[in-house]
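Everything on this sheet refers to the single structure shown next.
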Amino acid sequence: MYFGLVIELVYPEKIPSFQAIKVIKSEEFSMPTKIAAGNWKMNGTQANILELQSISTAADQLDCETIICPPATMLTMATRFSKKVLIGGQDCHSETAGAYTGDISAQMLVDAGASCVIVGHSERRKHHDENSEIVKAKANAAVAATLTPIICVGETLQQRKSGNAVAAVSSQLEESLPKSSKIIVAYEPIWAIGTGAIPSFKEICEMHDAIRALLFRTHGKNGQKISILYGGSVKSSNATEIFSATNVDGALVGGASLKSTDFVPIMQALSKS
Ligand code: PEP
């Protein structure tokens, strides 16, 4: 988290009059936290705790937050073995408890030691028919349970090719947002997930700028503090360029987060950015 002291010119025509200067308190203008988040999806058993320990050791030296979202079966163990890494769930139910076989509530994730949860990942939207209304309900449940939801949005290849990517992602995000500003947004073009393909730098900048503008509109000045992550085929070879974009505050990484040797260089690139 960055803290800055900002001087706002209230009466620019009177410059350099001392009266023209208003000091905005630093906490009103704190910048988004840089976050390297890993989504292990349905990968990992207890043996993978060693990877987490290596990631945690590296995280201790770096100037960014690190989150790992392992499978639910590893959550409790993961929180015990990763002092410098925040642990997150990969999904939660919108209800607090009840007859929902196989599901996990936000409270259960908290109980297991999680501090955040991914909601609306495109694989959930696709394979579990989750629309933005459901995603919003899950995000609200997460917030109510004190978890930070990582809200995923992204366009299809068809939407990208037809020039509708920004409009599609903007409406998907607006429909998925909870009221709270204690959230993380992850822009993940569906066609870039696990494919090795990524949008151009200009396309990433355009989308992240549009998301920032939307967050200002929906959350006022708190919109500036919300971290916006890019996700989709992030690797150490493309991370530095992606992180150089103004409104890219980190990454949500799938495949390259499973091995510390792949993920730590991405964390290091973010720390240096
Ligand atoms: C993801 O599924 O969230 C993701 C970004 O995957 P990958 O990094 O493997 O493209």
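Quick notes on this one:
- Remark: pairs (first residue in the range 221-249, part of a loop (DSSP other than H, G, I, E, B); second residue within 16 Å of the ligand (Cβ to nearest atom) and among the acidic types (Asp, Glu); Cβ separation under 7 Å; 6+ apart in sequence or on different chains) = 232/188.
- Flag for residue 212 being among the basic types (Lys, Arg), more than 28 Å from residue 61 (Cα to Cα) and within 16 Å of the ligand (Cβ to nearest atom): no
- Considering the range 159-192, the residues that are outside any loop (DSSP other than H, G, I, E, B) and in contact (Cβ under 8 Å) with a residue 60 or more places away in the chain include one that is farthest from the ligand (Cβ to nearest atom), namely 184.
- Search result, residues across the range 250-264 that are within 14 Å of the ligand (Cβ to nearest atom) and part of a helix (DSSP H, G or I): 255, 256, 257, 262, 263
- Residue 188 being more than 28 Å from residue 143 (Cα to Cα) and acidic (Asp, Glu): no
- Candidates 156, 101, 195, 96 - the one that is among the hydroxyl-bearing types (Ser, Thr, Tyr), within 16 Å of the ligand (Cβ to nearest atom) and exposed (fewer than 15 other Cβ atoms within 10 Å of the Cβ): 195
- Any hit, the range 43-53, residues being within 16 Å of the ligand (Cβ to nearest atom), assigned to a loop (DSSP other than H, G, I, E, B) and modelled with pLDDT of 95 or more: yes
- Residue match in the range 107-123 (condition: over 21 Å from the mean Cα position of the chain (by Cα), under 24 Å from residue 153 (Cβ atoms), more than 16 Å from the ligand (Cβ to nearest atom) and surrounded by fewer than 18 Cβ atoms within 10 Å (Cβ to Cβ)): no
The values are calculated or read from the model by the stated rules, or taken from the named source; none is laboratory data. Computed from a predicted model, the values in this text were never measured in an experiment. Using ideal geometry, Cβ is built from the backbone for each residue, glycine included, and neighbour counts are taken over all protein chains shown.
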